[in-house]
Structure formats: structure tokens, C-alpha cells
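Take a look at the structure set out below.
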């Protein structure tokens, strides 16, 4: 797999990092020991090839590169960092490890109006996943899915490719509970978005409602 160098560091890392926030208890209960054994050891290292891992609150990367990287939430429904942070990072050679490219699962392709979340999942009581704004965004996701299907991609691959298309972003942190889902996200590395593609995505996203949501450091 290809590698990139975040910011002014000398590290060589994969452009897609495996995030583990989903095992922290905020996304329904999960057997963490089984997840680590089955997904990380077997699914990633041996079969998928990811060598870049993001642990709770990204503490390991922060310890290695405290002044040369930032880890903002960045996805198609949360683009506020484009105005200031990304241009600043690009100008000052700061590496960006963008997390949440799948918009908390909304861009994974499996969530519908009928989807329900467990009581221990923060999305079960968050307005971003209920009500008219949620339904409106699902229509946008459907339109993105139709657009992604033309070059033979999935919504998840389109979403990750879009994040990585910004030159200031070197790494996209993608969470997954199965090797298959992570391998799907890795397919984004084979998807090149033209300026015309990016413009069409912007046109589709014009109908969307901005989506906030929590960040790892803000969860208790």
C-alpha cells in the first residue's frame, strides 16, 4: 500500500488509518477483546495491509507529532474547517489526520429511515440522526450513492476519496468493526476525483443539512 509523510515529520504511514473509537463504548456495546483479536490482527495486518492505527483520542500520534499534526473531524456534512484550518495547515506544512470521513456512519451506505440505534449509542438521542434534517440528509446520501456508482464505487469510498482529495489532508482515520468494511474504505485509494467530480459533489451537497456530532475528546 502507498504511504504518505504527515506534515514535516519523517514518518511513513498509510493514507488511511484505522480508528478505534467505535470500541470505546459510545457506539453500542462491543466485545473489545474479540474485536482486537479478529479485526486488528487478522483483518488488518495480515490481509488488508493497514500499518497506521489511531487509538483512543489519538494519543499516540499526538505524542509523536505534537506540533506537526492536527486531528479535526472532516466529512462531507462537516466542512467548517475548510475555511481556516486546512489552508493554514497546508501553508505551514502541518499534517492533517482527519477523522470521521464517513460522518458517523451516515456515509457508510447502510443507514436508512428505519435504522434504530441502541440506547448506549450516542446517535440514539442525537438530533443529527432524527427528524427532518436526518431525512433530508438521507436523500443527499442516496444521490451521492448514485453518483458514486457511475465509476463503480461505493458511497463510503467516495466519501473517503473526497477527504483525501484535499491536499492538506494526508491521512483519513476510518473506523470499522469488520475487515470487510475497512477493506471497502481502502478502495478509496483507487478512486481519483476530478475537478468536475468535486464540483458535482458540491452541487449534490448543496441540499444537505450540516452535521455536527461529538468528537472523541468530548465524550465522557
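The values are calculated or read from the model by the stated rules, or taken from the named source; none is laboratory data. A quick note: this is a predicted structure, and the numbers were derived from the prediction, not measured. Ideal geometry is used to build each Cβ from the backbone, glycine not excepted, and the neighbour counts take in all protein chains shown.
Only a single criterion out of (1) modelled with pLDDT under 95; (2) part of a helix (DSSP H, G or I) is not satisfied by residue 162, namely (1). Residue count for region 165-182, restricted to those that are part of a helix (DSSP H, G or I) and either touching a strand residue (DSSP E or B) at 6+ places or on another chain (Cβ under 9 Å) or at pLDDT 90 or above (or both): 2.
So which residues in region 57-89 are modelled with pLDDT under 50 and under 15 Å from the mean Cα position of the chain (by Cα), if there are any at all? The answer is 57, 58.
Are any of the residues in region 159-178 closer than 20 Å to residue 209 by Cβ and out of contact with any helix residue (DSSP H, G or I) (no Cβ under 8 Å at 6 or more places or on another chain)? Looking for residues that are closer than 20 Å to residue 209 by Cβ and out of contact with any helix residue (DSSP H, G or I) (no Cβ under 8 Å at 6 or more places or on another chain), one finds at least one in region 159-178, hence yes. Selection over region 105-153 of residues that are assigned to a helix (DSSP H, G or I), without any contact (Cβ under 8 Å) to a residue 24 or more places away in the chain and within 26 Å of residue 193 (Cα to Cα) gives a count of 5. Taken together, 207, 156 contain a single residue that is surrounded by 14 or more Cβ atoms within 10 Å (Cβ to Cβ), touching a residue at least 24 places away in the same chain (Cβ under 8 Å) and either more than 18 Å from the chain's Cα centre (by Cα) or closer than 25 Å to residue 117 by Cβ (or both), which is 156. Scanning region 114-126 for residues that are in contact with a helix residue (DSSP H, G or I) (Cβ under 6 Å, 6 or more places away or on another chain) and either surrounded by fewer than 22 Cβ atoms within 10 Å (Cβ to Cβ) or at pLDDT 90 or above (or both) gives a single hit, 117.
Being within 13 Å of residue 162 (Cβ to Cβ), touching a strand residue (DSSP E or B) at 6+ places or on another chain (Cβ under 6 Å) and modelled with pLDDT of 85 or more narrows it down to one of 185, 194, so name that one.
Details: 194 fails: touching a strand residue (DSSP E or B) at 6+ places or on another chain (Cβ under 6 Å).
The conditions single out 185.
Return yes when residue 103 is at pLDDT below 95 and closer than 21 Å to residue 82 by Cβ and no when it is not. Yes: the conditions hold for residue 103. Write out, first by first residue and then by second, each pair whose Cβ atoms fall under 6 Å of each other, whose residues are 6+ apart or on separate chains, and whose first residue, in region 55-83, is within 15 Å of residue 16 (Cα to Cα) while the second is surrounded by 20 or more Cβ atoms within 10 Å (Cβ to Cβ) and at pLDDT below 50. The qualifying pairs are 71/58.
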